[in-house]
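Q: So that we are looking at the same thing, I have put the structure below in structure tokens.
The values are calculated or read from the model by the stated rules, or taken from the named source; none is laboratory data. Quick caveat, the model's predicted, so the values are computed rather than measured. No Cβ is skipped: glycine too gets one built from the backbone with ideal geometry, and neighbour counts run over all protein chains shown. Protein only, heavy atoms only, side chains kept; ligands, DNA and RNA dropped before computing areas. Shrake-Rupley method; radii C 1.70, N 1.55, O 1.52, S 1.80 Å.
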Amino acid sequence: MKFAFFDAKPYDKPSFDKFGAENGVEFKYFETKLNEDTVGLAKDFDGVCVFVNDTVNSAVIDKLCEMNVRVVALRCAGFNNVDMKYAFGRIHVLRVPAYSPYAVAEHTMAMLLTSIRRIHKAYIRTRDFNFSLAGMTGFDLHGKTVGVIGTGRIGRVFIDICRGFGMKVLAYDKFPAREIEDGETVRYADLDELFSQSDIISLHCPLTDDTYHIIDEKSVEKCKKGVVILNTSRGALVDAEALLSGIKSRKIGAACLDVYEEESDFFFEDFSGHILEDDVLARLISMPNVIVTSHQAFLTEEALSNIAQTTVENIVGYFKNKQCPNELCYRCGNAEDCRDGKCF
Ligand code: NAI
């Protein structure tokens, strides 16, 4: 099986080469992202392997089908970059539903601690032999309330980490998992209560029509003054302009962003030495209380290995059995319900 691997980075290759070679899957690496202009590169391949910022829209799907390429193997969990409705019945979309919830949850806590204890500032100061503590006052996490939106795999690990810090957790999920409520530190609440009571809000839900701009001007208005917003899920969960206004008005105390709505134009590439065209991103980065990482929350050795292994297993499973438990269906948004044709 030959797969065209788009948006390839040096850190992808070792694990994909290893699991590919062990299972008879050959990857041809392309640095470019998949989109309408580059889809032609997939000619003569059995499938394409894509990541979060590749584009799998109707035009790309049509072209892939025309070239008889029938499998899109996502090497990520989120699939908002795939037009699933259009893909249905035309092309098979496989994904990696989980690879290391710890990687993302731990990165979220790393960003939070960095931000509220001013570690990013201290690092730069002491390198310049500036040992002053002026402006470095932080706050304890112990006893604070964190609002967690999305209590799936990553949200739950993050909740466990927060409990370890002695924080109270208000959770919100479209499909609450009541078993995580402990009657003491973790309970579900509606969004209004979560916004108005939380000192910190962390997003761990997928990007859907329901969650698009879940943090916008209206929700920011409902928040506590000084709220810290954490987004390690998907950029468009946050209206970046509303976030910026909230920061400028001092309503938002800090923001930690591993994702950004327009990230596909910038993230994963080196723009140092260039003039950044996105004024909102540039302004956010210029703020002393905003930390941006470039969609790196997943990037641990464990996660990279799990991603490669599951992607290869998906491909092998699909070509051997014409069925893969991680195939996506646009109707249920996951695989489990599709297995016996319930959704199809
Ligand atoms: P998951 O599928 O285990 O959990 C998502 C949770 O969100 C589920 O409990 C679901 O019921 C809930 N949800 C769905 N619609 C909702 C809504 N309208 N409002 C509130 N909750 C809703 O997914 P997982 O593995 O925990 O991943 C969460 C998100 O993290 C992914 O969707 C992805 O966007 C992001 N992610 C980011 C990474 C990064 O490197 N920054 C890496 C991996 C995932």
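Q: Being farther than 20 Å from V292 by Cα, crowded, with 21+ Cβ neighbours inside 10 Å and within 16 Å of the ligand (Cβ to nearest atom) narrows it down to one residue among L112, L74; which is it?
A: Values: L112 fails: farther than 20 Å from V292 by Cα.
When all the criteria are applied, what remains is L74.
Q: In addition: If I ask for residues that are without any contact (Cβ under 8 Å) to a residue 40 or more places away in the chain and within 23 Å of A308 (Cβ to Cβ), which ones from the range 40-54 would you list? Step through it out loud before you land on a result.
A: First, the residues of the range 40-54 that are without any contact (Cβ under 8 Å) to a residue 40 or more places away in the chain: 40-43.
Once the filter is applied, which keeps residues that are without any contact (Cβ under 8 Å) to a residue 40 or more places away in the chain and within 23 Å of A308 (Cβ to Cβ), the range 40-54 yields L41, A42.
Q: Select from the range 199-238 the residues that are within 16 Å of the ligand (Cβ to nearest atom) and under 19 Å from S286 (Cβ atoms) and write down the one among them that is surrounded by the most Cβ atoms within 10 Å (Cβ to Cβ).
A: Looking at residues that are within 16 Å of the ligand (Cβ to nearest atom) and under 19 Å from S286 (Cβ atoms), I get N231.
Q: Would a scan of the range 63-78 turn up a residue that is in contact with a strand residue (DSSP E or B) (Cβ under 8 Å, 6 or more places away or on another chain) and either of a type in the set (F, W, Y) or in the same structural domain as S264 (by TED's automatic domain parsing) (or both)?
A: Within the range 63-78, the subset in contact with a strand residue (DSSP E or B) (Cβ under 8 Å, 6 or more places away or on another chain) is 64, 69-75.
Restricting the remaining residues to those that are either of a type in the set (F, W, Y) or in the same structural domain as S264 (by TED's automatic domain parsing) (or both) gives none.
So far as the range 63-78 goes, no, none of its residues is in contact with a strand residue (DSSP E or B) (Cβ under 8 Å, 6 or more places away or on another chain) and either of a type in the set (F, W, Y) or in the same structural domain as S264 (by TED's automatic domain parsing) (or both).
Q: Give me the pairs, please: first residue somewhere in the range 180-193 and more than 28 Å from K218 (Cβ to Cβ), second residue anywhere and open to solvent by 40 Å² or more (accessible area, probe 1.4 Å), beta-carbon distance under 9 Å, and either six or more positions apart or on two chains.
A: Correct list of pairs: D182/R163; E184/K168; T185/R163; T185/K168.
Yes or no, residue by residue, for (1) in a loop (DSSP other than H, G, I, E, B); (2) out of contact with any Leu (no Cβ under 8 Å at 6 or more places or on another chain); (3) modelled with pLDDT of 95 or more:
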site	(1), (2), (3)
F16	no, yes, yes
C65	no, yes, yes
V72	no, no, yes
A77	yes, yes, no
Y102	no, yes, yes
M109	no, yes, yes
S115	no, yes, yes
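Q: Sticking with this one: Under the condition of being open to solvent by less than 60 Å² (accessible area, probe 1.4 Å) and in a helix (DSSP H, G or I), which residue from the range 79-100 is farthest from the ligand (Cβ to nearest atom)?
A: Checking each candidate, the answer is Y86.
Q: Could you list, in sequence order, all residues of the range 161-193 that are away from the ligand (no atom under 13 Å from the Cβ), in a helix (DSSP H, G or I) and either open to solvent by less than 70 Å² (accessible area, probe 1.4 Å) or within 23 Å of F298 (Cα to Cα) (or both)?
A: Once the filter is applied, which keeps residues that are away from the ligand (no atom under 13 Å from the Cβ), in a helix (DSSP H, G or I) and either open to solvent by less than 70 Å² (accessible area, probe 1.4 Å) or within 23 Å of F298 (Cα to Cα) (or both), the range 161-193 yields I161, C162, R163, G164, E193.
Q: Continuing with the same structure: Here are the criteria: (1) at negative phi; (2) open to solvent by 50 Å² or more (accessible area, probe 1.4 Å). Tell me which single one L141 does not satisfy.
A: Unmet condition: (2).
Q: If I filter the range 294-305 down to residues being within 11 Å of the ligand (Cβ to nearest atom) and open to solvent by 30 Å² or more (accessible area, probe 1.4 Å), which single residue comes out as farthest from A73 (Cα to Cα)?
A: Restricting attention to the range 294-305, the residues satisfying the condition of being within 11 Å of the ligand (Cβ to nearest atom) are 294-300, 303.
When the remaining residues are screened for being open to solvent by 30 Å² or more (accessible area, probe 1.4 Å), the result is 294, 296, 299-300.
Values: S294: 23, Q296: 20, L299: 19, T300: 20 Å.
Step by step, filter the range 294-305, then rank; the result is S294.
Q: Output the residues belonging to the range 72-129 that are among the polar types (S, T, N, Q) and in contact with a Pro (Cβ under 8 Å, 6 or more places away or on another chain).
A: Keep residues of the range 72-129 that are among the polar types (S, T, N, Q), which gives 80-81, 100, 108, 114-115, 126.
N80, the sole residue that qualifies.
Q: Which numbered condition trips up K144, out of (1) in contact (Cβ under 8 Å) with a residue 24 or more places away in the chain; (2) within 16 Å of the ligand (Cβ to nearest atom)?
A: The number of the failed condition is (2).
Q: Right, here's the next one. Considering only the range 52-63, state which residues are surrounded by 19 or more Cβ atoms within 10 Å (Cβ to Cβ) and at pLDDT 95 or above.
A: Answer for the range 52-63, where residues must be surrounded by 19 or more Cβ atoms within 10 Å (Cβ to Cβ) and at pLDDT 95 or above: D54, T55, V56, V60, I61.
Q: Is it true that some residue in the range 95-118 is in contact with a Gly (Cβ under 7 Å, 6 or more places away or on another chain), over 17 Å from L328 (Cβ atoms) and in contact (Cβ under 8 Å) with a residue 40 or more places away in the chain?
A: Step one: filter the range 95-118 for residues in contact with a Gly (Cβ under 7 Å, 6 or more places away or on another chain), giving 116-118.
Among the residues that remain, those that are also over 17 Å from L328 (Cβ atoms) are: 116-118.
Narrowing the set further to residues that are in contact (Cβ under 8 Å) with a residue 40 or more places away in the chain leaves 116.
The answer is yes, given that some residue of the range 95-118 is in contact with a Gly (Cβ under 7 Å, 6 or more places away or on another chain), over 17 Å from L328 (Cβ atoms) and in contact (Cβ under 8 Å) with a residue 40 or more places away in the chain.
Q: Select from the range 1-45 the residues that are open to solvent by 70 Å² or more (accessible area, probe 1.4 Å) and of a type in the set (F, W, Y) and list them in ascending order.
A: Y11
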